[in-house]
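The values are calculated or read from the model by the stated rules, or taken from the named source; none is laboratory data. Worth saying up front: this structure is predicted, and the values here are computed from it rather than measured. Here the Cβ positions follow ideal geometry from the backbone for every residue, glycine too, while neighbour counts run over all protein chains shown. These area figures cover heavy atoms from the full protein model, side chains too; ligands, DNA and RNA do not enter into them. Shrake-Rupley method; radii C 1.70, N 1.55, O 1.52, S 1.80 Å.
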Amino acid sequence: MDPVRTMLPEYAAEHGIAIDAAQAEKFQTYMELLLEWNQKMNLTAITEPEAVACRHFLDSLLPLEAYPFPEGASVIDVGTGAGFPGIPLKIARPDLRLTLLDSLAKRLTFLGEVCAALEIDADRIHARAEEGGRRTDLRDQFDIACARAVAPLNLLCEYCLPFVKPGGVFLSMKGPGAQEELERAGEAMRQLSAKLEDVREFTLPDGSSRTILIVRKQGRTPEKYPRHGSKIAKKPL
(Lines give C-alpha, C1' and ligand atoms only; values in the text may rest on other atoms or scores of the structure.)
Protein backbone atom coordinates (compact mmCIF):
# COMPACT_ATOMS: atom_id res chain seq x y z
CA MET A 1 0.00 0.00 0.00
CA ASP A 2 1.23 3.49 -0.87
CA PRO A 3 2.19 5.07 2.49
CA VAL A 4 1.51 8.69 1.52
CA ARG A 5 -1.12 8.65 -1.24
CA THR A 6 -3.27 5.97 0.40
CA MET A 7 -2.38 5.54 4.05
CA LEU A 8 -2.00 9.19 5.05
CA PRO A 9 -5.58 10.14 4.06
CA GLU A 10 -6.81 7.11 6.02
CA TYR A 11 -4.71 8.01 9.05
CA ALA A 12 -5.91 11.63 8.88
CA ALA A 13 -9.57 10.63 8.52
CA GLU A 14 -9.35 8.76 11.81
CA HIS A 15 -8.61 12.15 13.40
CA GLY A 16 -11.40 13.97 11.57
CA ILE A 17 -8.99 15.57 9.06
CA ALA A 18 -9.89 15.36 5.36
CA ILE A 19 -7.05 14.90 2.85
CA ASP A 20 -8.19 14.66 -0.77
CA ALA A 21 -6.28 13.10 -3.68
CA ALA A 22 -4.73 16.41 -4.77
CA GLN A 23 -3.52 17.12 -1.25
CA ALA A 24 -2.16 13.58 -0.92
CA GLU A 25 -0.19 14.17 -4.13
CA LYS A 26 1.33 17.30 -2.58
CA PHE A 27 2.40 15.25 0.44
CA GLN A 28 3.97 12.71 -1.92
CA THR A 29 5.95 15.47 -3.68
CA TYR A 30 6.96 16.89 -0.28
CA MET A 31 8.28 13.50 0.81
CA GLU A 32 10.24 13.04 -2.40
CA LEU A 33 11.88 16.47 -2.01
CA LEU A 34 12.58 15.82 1.67
CA LEU A 35 14.38 12.56 0.92
CA GLU A 36 16.24 14.04 -2.05
CA TRP A 37 17.53 17.05 -0.12
CA ASN A 38 18.25 14.90 2.93
CA GLN A 39 21.09 13.30 0.97
CA LYS A 40 22.98 16.60 0.92
CA MET A 41 21.89 18.19 4.22
CA ASN A 42 20.59 16.91 7.54
CA LEU A 43 16.81 17.32 7.49
CA THR A 44 15.48 14.11 9.04
CA ALA A 45 16.58 10.78 10.45
CA ILE A 46 13.22 9.33 9.39
CA THR A 47 13.49 8.16 5.79
CA GLU A 48 11.14 5.19 5.38
CA PRO A 49 8.04 6.40 3.48
CA GLU A 50 5.61 4.81 5.95
CA ALA A 51 7.43 6.43 8.88
CA VAL A 52 7.47 9.81 7.10
CA ALA A 53 3.71 9.54 6.53
CA CYS A 54 3.06 8.66 10.18
CA ARG A 55 5.71 10.38 12.28
CA HIS A 56 6.15 13.55 10.23
CA PHE A 57 3.01 14.18 8.20
CA LEU A 58 0.24 12.81 10.42
CA ASP A 59 1.99 14.11 13.53
CA SER A 60 2.08 17.59 11.97
CA LEU A 61 -1.64 17.44 11.19
CA LEU A 62 -2.75 16.57 14.75
CA PRO A 63 -3.01 20.25 15.82
CA LEU A 64 -6.04 20.48 13.51
CA GLU A 65 -7.83 17.97 15.74
CA ALA A 66 -6.47 19.45 18.97
CA TYR A 67 -7.53 23.03 18.29
CA PRO A 68 -10.14 24.70 16.00
CA PHE A 69 -7.96 26.78 13.66
CA PRO A 70 -10.05 29.83 12.61
CA GLU A 71 -10.55 30.40 8.89
CA GLY A 72 -7.63 32.44 7.53
CA ALA A 73 -5.70 32.27 10.82
CA SER A 74 -2.13 33.57 10.87
CA VAL A 75 0.24 30.78 11.95
CA ILE A 76 3.96 30.91 12.70
CA ASP A 77 5.99 27.70 12.85
CA VAL A 78 8.89 28.49 15.18
CA GLY A 79 12.07 26.51 14.48
CA THR A 80 10.37 24.87 11.53
CA GLY A 81 13.38 22.77 10.44
CA ALA A 82 12.22 20.65 7.50
CA GLY A 83 8.82 22.37 7.57
CA PHE A 84 7.03 20.51 10.35
CA PRO A 85 4.28 21.15 11.29
CA GLY A 86 3.80 24.26 9.15
CA ILE A 87 3.80 22.87 5.61
CA PRO A 88 1.52 19.87 6.34
CA LEU A 89 -0.91 22.27 8.06
CA LYS A 90 -0.84 24.53 4.99
CA ILE A 91 -1.43 21.61 2.61
CA ALA A 92 -4.46 20.51 4.63
CA ARG A 93 -5.69 24.07 5.24
CA PRO A 94 -4.70 26.33 2.31
CA ASP A 95 -6.60 29.22 3.92
CA LEU A 96 -4.01 29.52 6.72
CA ARG A 97 -1.51 32.38 6.46
CA LEU A 98 1.75 30.61 7.21
CA THR A 99 5.12 31.93 8.36
CA LEU A 100 8.09 29.58 8.62
CA LEU A 101 10.88 30.77 10.94
CA ASP A 102 14.26 29.08 11.19
CA SER A 103 17.80 30.05 12.16
CA LEU A 104 19.45 28.10 9.33
CA ALA A 105 19.37 29.69 5.86
CA LYS A 106 19.88 26.46 3.93
CA ARG A 107 16.79 24.92 5.52
CA LEU A 108 14.79 27.93 4.34
CA THR A 109 16.23 27.43 0.85
CA PHE A 110 14.89 23.88 0.93
CA LEU A 111 11.51 25.13 2.17
CA GLY A 112 11.42 27.65 -0.67
CA GLU A 113 11.83 24.77 -3.13
CA VAL A 114 9.06 22.84 -1.39
CA CYS A 115 6.64 25.79 -1.45
CA ALA A 116 7.34 26.39 -5.14
CA ALA A 117 6.85 22.72 -6.03
CA LEU A 118 3.62 22.47 -4.03
CA GLU A 119 2.38 25.88 -5.20
CA ILE A 120 1.75 27.09 -1.66
CA ASP A 121 2.41 30.52 -0.17
CA ALA A 122 4.42 30.92 3.02
CA ASP A 123 6.62 33.68 4.39
CA ARG A 124 10.10 32.39 5.22
CA ILE A 125 12.06 34.24 7.89
CA HIS A 126 15.72 33.66 8.67
CA ALA A 127 16.11 34.47 12.38
CA ARG A 128 16.61 32.92 15.77
CA ALA A 129 13.33 32.74 17.69
CA GLU A 130 14.43 35.24 20.34
CA GLU A 131 15.44 37.72 17.62
CA GLY A 132 12.19 37.29 15.72
CA GLY A 133 10.16 37.77 18.91
CA ARG A 134 11.54 41.30 19.22
CA ARG A 135 10.70 42.35 15.67
CA THR A 136 7.73 44.71 15.59
CA ASP A 137 6.35 43.02 12.46
CA LEU A 138 6.28 39.65 14.26
CA ARG A 139 5.75 40.44 17.96
CA ASP A 140 2.20 39.94 19.26
CA GLN A 141 1.05 39.39 15.66
CA PHE A 142 -0.05 35.77 15.17
CA ASP A 143 -3.26 33.91 15.98
CA ILE A 144 -1.31 30.67 16.48
CA ALA A 145 2.33 29.77 17.11
CA CYS A 146 3.43 26.14 16.75
CA ALA A 147 6.66 24.43 17.76
CA ARG A 148 7.48 20.76 17.40
CA ALA A 149 10.23 19.14 19.48
CA VAL A 150 12.37 22.26 19.70
CA ALA A 151 13.16 22.74 23.44
CA PRO A 152 11.74 22.12 26.94
CA LEU A 153 8.41 23.85 27.51
CA ASN A 154 9.66 26.48 29.99
CA LEU A 155 12.16 27.66 27.37
CA LEU A 156 9.72 27.26 24.50
CA CYS A 157 7.21 29.57 26.15
CA GLU A 158 9.74 32.42 26.05
CA TYR A 159 10.72 31.60 22.47
CA CYS A 160 7.18 31.27 21.11
CA LEU A 161 4.66 33.25 23.15
CA PRO A 162 6.08 36.65 22.11
CA PHE A 163 4.84 35.95 18.56
CA VAL A 164 1.25 35.31 19.67
CA LYS A 165 -1.30 38.12 19.78
CA PRO A 166 -3.32 38.51 23.00
CA GLY A 167 -6.15 35.99 22.85
CA GLY A 168 -4.21 33.69 20.52
CA VAL A 169 -2.63 30.34 21.33
CA PHE A 170 0.72 28.60 21.42
CA LEU A 171 0.51 24.92 20.45
CA SER A 172 3.48 23.02 21.87
CA MET A 173 3.84 19.61 20.22
CA LYS A 174 5.48 17.07 22.50
CA GLY A 175 6.15 13.37 22.82
CA PRO A 176 6.23 11.42 26.11
CA GLY A 177 7.20 13.39 29.22
CA ALA A 178 5.03 16.42 28.47
CA GLN A 179 3.50 16.36 31.95
CA GLU A 180 6.93 16.77 33.59
CA GLU A 181 7.72 19.71 31.33
CA LEU A 182 4.35 21.22 32.13
CA GLU A 183 5.02 21.13 35.86
CA ARG A 184 8.19 23.19 35.34
CA ALA A 185 6.61 25.74 32.98
CA GLY A 186 3.98 27.37 35.19
CA GLU A 187 6.14 30.36 36.12
CA ALA A 188 7.16 30.94 32.49
CA MET A 189 3.50 31.06 31.46
CA ARG A 190 2.64 33.46 34.28
CA GLN A 191 5.48 35.85 33.43
CA LEU A 192 4.54 35.78 29.75
CA SER A 193 0.84 36.54 30.31
CA ALA A 194 -0.33 33.06 29.35
CA LYS A 195 -2.22 30.12 30.82
CA LEU A 196 -2.55 26.42 30.01
CA GLU A 197 -5.94 25.85 28.40
CA ASP A 198 -5.91 22.17 27.45
CA VAL A 199 -3.77 19.05 27.07
CA ARG A 200 -4.55 16.73 24.16
CA GLU A 201 -2.98 13.28 23.91
CA PHE A 202 -2.72 11.13 20.79
CA THR A 203 -1.31 7.78 19.71
CA LEU A 204 0.17 7.50 16.23
CA PRO A 205 -0.42 4.33 14.13
CA ASP A 206 3.08 3.08 15.04
CA GLY A 207 2.13 3.22 18.74
CA SER A 208 4.18 6.30 19.65
CA SER A 209 2.50 8.86 21.90
CA ARG A 210 2.07 12.57 21.21
CA THR A 211 0.86 15.42 23.39
CA ILE A 212 -0.25 18.88 22.30
CA LEU A 213 -0.26 21.56 25.00
CA ILE A 214 -2.61 24.44 24.25
CA VAL A 215 -1.40 27.64 25.93
CA ARG A 216 -3.61 30.73 25.72
CA LYS A 217 -1.97 34.17 25.56
CA GLN A 218 -3.90 36.55 27.81
CA GLY A 219 -2.05 39.84 27.40
CA ARG A 220 0.74 41.55 25.47
CA THR A 221 4.30 40.30 25.89
CA PRO A 222 6.12 42.17 28.69
CA GLU A 223 8.83 44.39 27.21
CA LYS A 224 11.78 42.50 28.71
CA TYR A 225 10.89 39.25 26.88
CA PRO A 226 12.21 37.39 25.02
CA ARG A 227 15.67 37.66 26.55
CA HIS A 228 18.90 36.79 24.76
CA GLY A 229 19.13 33.08 23.89
CA SER A 230 22.00 32.44 26.31
CA LYS A 231 19.96 33.89 29.21
CA ILE A 232 16.92 31.81 28.29
CA ALA A 233 19.09 28.66 28.36
CA LYS A 234 21.00 29.50 31.54
CA LYS A 235 18.15 30.95 33.58
CA PRO A 236 14.82 29.55 32.34
CA LEU A 237 11.72 31.23 33.71
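Annotations for the structure displayed:
- Assuming charge only on the beta carbon of Lys and Arg (+1) and of Asp and Glu (-1), the dipole of the stretch 1-118 about its Cα centre is about 440 debye to the nearest 20.
- 3J(HN,Hα) from dihedral phi, the stretch 165-177, Karplus parametrisation 6.51/-1.76/1.60, rounded to Hz, x for glycine, proline: 6, x, x, x, 9, 10, 9, 9, 9, 10, x, x, x
- Percent accessible area from carbon and sulfur atoms, the stretch 40-103, protein chains only, probe 1.4 Å: 48 percent
- Length released on extending from HIS126 to THR29, taking residue separation times 0.36 nm less the Cα-Cα span: 32.5 nm
- Within straight-line reach of LYS217, meaning a Cα separation under 25 Å, sit the following lysines at least 8 residues removed in sequence or on another chain: LYS90, LYS165, LYS174, LYS195, LYS231, LYS234, LYS235.
- With every protein chain in place, the stretch 158-211: carbon and sulfur % of accessible area (1.4 Å): 43 percent
- Annotation for ASP2 and ALA22: the two label points, set 7 Å from Cα along the Cα-Cβ direction, are 1.6 nm apart.
- Label-point separation, GLU71 to LYS231 (7 Å along Cα→Cβ), nm: 4.3 nm
- For a straight C-alpha distance cut-off of 18 angstrom, the lysines reachable from LYS106 (same-chain residues fewer than eight places away being disregarded) are LYS40.
- Per residue accessible area in Å² of the stretch 54-144, where ligands, DNA and RNA are left out and the probe is 1.4 Å: 37 Å²
- Estimated distance in nm for a label pair at ARG190 and ARG135, the labels positioned 7 Å out from Cα along Cα-to-Cβ: 3.3 nm
- Extension gain for the segment THR203 to ARG97, taken as residue separation times 0.36 nm less the Cα-Cα distance, is 35.4 nm to one decimal.
- Rounded, prolate or oblate (a/c below 1.5 giving rounded, otherwise prolate when a/b exceeds b/c) for the stretch 146-237 by Cα gyration tensor: prolate
- Three principal axis lengths of the stretch 32-150 [C-alpha, angstrom, descending]: 39, 30, 27
- Rounded FRET efficiency, nearest 0.05, which uses the C-beta distance separating GLU223 from ALA51 and R0 of 45 Å: 0.55
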